[in-house]
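Everything on this sheet refers to the single structure shown next.
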Protein chains: 2
Amino acid sequence: MTLIRAWAAQKAGGPLESYEYDPGPLGPEEVETAIEYCGVCHSDLSMLDNEWGMSKYPFVPGHEAIGRIVALGEIAQEKGLKVGQRVGVGWNARSCLHCRYCLQGEQHLCTTVQPTIVGHHGAFAERVRAHWVWAVPIPDGLDPGQTGPLLCGGITVFAPLLNHGVTPTQRVGVIGIGGLGHMAIKFSNTWGCEVTAFTSRMSKADEAKSFGAHHVVSSRDPGAMKAVAGSFDLVLVTANASLDWDAVLSLLAPKGRLHIVGAVPEPIPVPAIALISRQMDMSGSPTGSRAAIDTMLDFAARHHVAPKVEHFPMSRVNEAMDHLRAGKANYRIVLDADFT
Amino acid sequence: MTLIRAWAAQKAGGPLESYEYDPGPLGPEEVETAIEYCGVCHSDLSMLDNEWGMSKYPFVPGHEAIGRIVALGEIAQEKGLKVGQRVGVGWNARSCLHCRYCLQGEQHLCTTVQPTIVGHHGAFAERVRAHWVWAVPIPDGLDPGQTGPLLCGGITVFAPLLNHGVTPTQRVGVIGIGGLGHMAIKFSNTWGCEVTAFTSRMSKADEAKSFGAHHVVSSRDPGAMKAVAGSFDLVLVTANASLDWDAVLSLLAPKGRLHIVGAVPEPIPVPAIALISRQMDMSGSPTGSRAAIDTMLDFAARHHVAPKVEHFPMSRVNEAMDHLRAGKANYRIVLDADFT
């Protein structure tokens, strides 16, 4: 049995320390991947800190992994995968394939879906395991060092465009210009939409434009918010903070959609009359299906869409986590595996 | 000039009294209809009481009118309408036809839409006027004495089925078994769905079943609510009261939709995590487009869907309004015009 070397916290909020574990025998449907790169997502921090009350320790974060297959279970060998092939492992690592949602191609909504870092050791490690359906082949045209963040953050902001019939003729607003938001701006622009970025820090305006925002509006300027009220077909909330929801709702045109992907802490107060009078939609979504991820990767490869990333060697993972915790990530962090 | 006799309140909450007004010359795009029947909707009461702060007095309620055309403006004559033809006039009486929403066939979302009883005398009257687009031909197969309520209440609960891709294989929950709710049960059943009615008064259970509910669940019984949690594709809220929203949201299956048509008074608190984790949708809608109303009337005629109504002669309109105000309407009131 070959142990897997990893970076693990022994307790909530603890530092990540060198750790080895025995993964046991490889299951017939499993794929083991040797990690080259792993993105750092805000949910790695939330899980590290046990914010959601479902972390187990030792805890190995990491769910935006890019690497090469090193072993395939006997069933997994028959699913189009080969040892040596480059794959990604994102937020989810296991789905049952036989529930209603799996059967209809929405494996991310599987009734027993298992995220990569929940009850399972993640990809701040030498190797990681996943069910074959979540070992996602990476198209050749993508830079593997920039692709990890697409597997969680990227699909989170891409799926709403795909699932809700957004067309290139529409106006999209993106609230929050961070790890998720900057990818939302890039994808919405590439999708052909007119994109407005909303931010509380106008110092980010030029960078938002460089990502593809046609307009940048200060969410703290009531006059500027009012000037664009009623004009958006889709407003995507990537911020994980409570906002002035009346002002946000007023941005939408009749038949507009407010889509939430940020982990907003407080319940959002929604006046029925706002939904009714403007025939509005409000929705949310968690990452995306396997087919949606494949579609996103093809789209990203064809249009050269990639997150803006900062690299840290994985051995400096604690520094990377502190950088993220301090809100300094510019815009997404990728760890380069450096086990020797 | 022929005056129009009507029933009007002189002040907020006042009794409806005999009233005559001069409608002025008929506009080229207008249709004048002699009223045979007019449904009574809860919004007639809200407007009578100036609950929404937009009532003008003398106020003539009535926006679920059925009657026969008595006069057509010169443009309206060219729009397929004939004097003597039976038409209905519902919530809306005027749309501009040239704004973006009108041009895309959603005249009910017109940026300058004019409801029949807002800034305009309604149909508790001998005659009522409307723009030709809102003078809706009534198919022969419908009983005119039961059809008025379809033009506001009916389209309000029918439009969500039409607009949101509801299929006959889906499970629909209807919250509230009243004027709107009983029509929602009938339409959802006829649409082919499995229908569950939710009510705080289980004494209505048998009647809900007679309308087409396959199941009736007490919204006050946490165990019963829990037993059906996670199983609905669509939950339609027709009640205009604040509910236990966590319990309501928990009814939805992944990808389910909570659709609000009841004038819920308080903002609905929606946890972002509920929207995100189950990829939920939440929406609302105001009546429907002209084409949606035509589609509903054809569907109702073909399947013999009609509201359950109680008739009052229009001269006993105050008695009818008191009956509605007391929550005793069974299930929708229709006034029979009896001007002599």
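Under the combined filter of DSSP loop state and at most 16 neighbouring Cβ atoms within 10 Å, region B:293-340 retains these chymotrypsin sites (Phe, Trp or Tyr not before Pro): B:Phe339.
Peptides B:198-207, B:172-181, B:109-118, ordered by how many other C-beta atoms sit within 10 Å of their residues on average, highest first, read B:172-181, B:109-118, B:198-207. Taking 15 Å as the straight-line reach from the Cα of A:Lys11, the aspartates and glutamates in range (excluding those fewer than 8 positions away in the same chain) are A:Asp44, A:Asp49, A:Glu51. Scanning residues 5 or more positions from A:Tyr331 or on other chains, those with amide H under 5 Å from its amide H are A:Lys308, A:Val309, A:Glu310, with H placed 1.01 Å from N in the peptide plane. Mind running the shape call on region B:66-170? Use the C-alpha gyration tensor, a ≥ b ≥ c as the square roots of the eigenvalues: rounded below 1.5 for a/c, prolate if a/b tops b/c, oblate otherwise. Oblate, since a/c reaches 1.5 and b/c is not below a/b.
One residue of chain B places its C-beta nearer than any other to the axis carrying B onto A; that residue and its whole-Å distance are B:Met282, 2. Region B:129-198 and region A:35-99 have their alpha-carbon centroids 47 Å apart. The residues of region A:248-270 occluded by other protein chains by 40 Å² or more of accessible area, set against the chain on its own, are A:Pro254, A:Lys255, A:Pro267, A:Ile268, A:Val270; surface from heavy atoms, 1.4 Å probe.
Rolling a 1.4 Å probe over the heavy atoms of the protein chains gives region A:154-284 an accessible area of 35 Å² per residue.
Couplings 3J(HN,Hα) for region A:293-304, derived from phi with the Karplus relation 6.51 cos²θ - 1.76 cosθ + 1.60 (θ = phi - 60°), are 5, 4, 4, 4, 5, 4, 5, 5, 5, 5, 9, 6 Hz, where x marks Gly and Pro.
Each copy carries a label point for A:Met54 at 7 Å from Cα along the beta-carbon vector; from one copy to the others these points are 4.3 nm apart, nearest first. A label point on A:Pro28, set 7 Å along the Cα-to-Cβ line, lies at 7.8 nm from each of its counterparts in the other copies, closest listed first. Contact-buried residues of region A:106-124, at a threshold of 20 Å² lost accessible area versus the chain by itself: A:Glu106, A:Leu109 (1.4 Å probe; DNA, RNA and ligands ignored).
Rounded is the label for region B:154-284, because the ratio a/c of its alpha-carbon gyration tensor axes (a ≥ b ≥ c) stays below 1.5. Using θ = phi - 60° in the Karplus curve 6.51 cos²θ - 1.76 cosθ + 1.60, the 3J(HN,Hα) couplings for region A:115-126 round to x, 4, 10, 10, x, 6, 7, x, 10, 7, 6, 5 Hz; x is entered for Gly and Pro. Using a 1.4 angstrom probe on protein heavy atoms only, the contact between A and B buries about 2600 square angstrom of accessible area, both sides summed. Starting from the Cα gyration tensor of region A:1-136, take the square roots of the eigenvalues, sort them a ≥ b ≥ c, and report rounded, prolate or oblate (rounded when a/c is under 1.5, otherwise prolate if a/b is larger than b/c, else oblate). It is oblate, given that a/c is not under 1.5 and a/b is not larger than b/c.
Around the amide H of B:Asn92, modelled in the peptide plane, lie the amide H atoms of B:Thr116, all under 5 Å away and 5 or more residues distant in sequence or on another chain. Each copy carries a label point for A:Glu319 at 7 Å from Cα along the beta-carbon vector; from one copy to the others these points are 8.8 nm apart, nearest first.
Residues in region A:40-147 average 38 Å² of solvent-accessible surface per residue, probe 1.4 Å, ligands and nucleic acids excluded. GNM, chain B, Cα, under 10 Å: largest mean-square fluctuation among B:Pro15, B:Pro160, B:Pro137? Evaluated over chain B, the most mobile residue of the options is B:Pro15. Carbon-plus-sulfur accessible fraction, the protein assembly as shown (probe radius 1.4 Å, protein heavy atoms only): 50%. Here the alpha carbons of the protein assembly as shown define both size measures, Rg and Dmax, at 29.1, 99 Å.
Panel note: contact residues of region B:281-297 (accessible area lowered by at least 10 Å² against the chain on its own; 1.4 Å probe) correspond to B:Asp281, B:Met282, B:Ser283, B:Gly284, B:Ser285, B:Pro286. Once you divide the Cα radius of gyration of region A:221-340 by 2.2 N^0.38 Å, the number left is 1.38.
Taking amide H atoms as placed 1.01 Å from N in the peptide plane, the amide H of A:Phe198 lies under 5 Å from those of A:Val174, A:Ile175, A:Gly176, A:Val217, each 5 or more residues away in sequence or on another chain.
Among A:Gly88, A:Gly148, A:Gly80, the largest mean-square fluctuation in a Gaussian network model of chain A (Cα springs under 10 Å) belongs to A:Gly80. Beta bridges from DSSP with both residues in the protein assembly as shown: antiparallel share about 55 percent, rounded to the nearest 5. Each residue of region A:180-188 was assigned a 3J(HN,Hα) from its phi angle through the Karplus expression (A = 6.51, B = -1.76, C = 1.60, θ = phi - 60°), giving 6, x, 5, 6, 4, 4, 4, 5, 5 Hz with x at Gly and Pro.
Choose one answer from B:His98, B:His311, B:His121: the residue with the largest mean-square fluctuation in a GNM of chain B with alpha-carbon springs under 10 Å. It is B:His98. Just from its helices, what would the mean residue ellipticity at 222 nm be for chain B, if runs of 4 or more DSSP H residues each count -39500 (n - 2.57) and the sum is divided by every residue, rounded to the nearest 500 deg cm²/dmol? It lands at -6500 deg cm²/dmol.
The values are calculated or read from the model by the stated rules, or taken from the named source; none is laboratory data. Everything quoted here is computed from the prediction, not taken from an experiment. Ideal geometry is used to build each Cβ from the backbone, glycine not excepted, and the neighbour counts take in all protein chains shown. The area values use the complete protein model at the heavy-atom level, side chains included, leaving out ligands, DNA and RNA. Shrake-Rupley method; radii C 1.70, N 1.55, O 1.52, S 1.80 Å.
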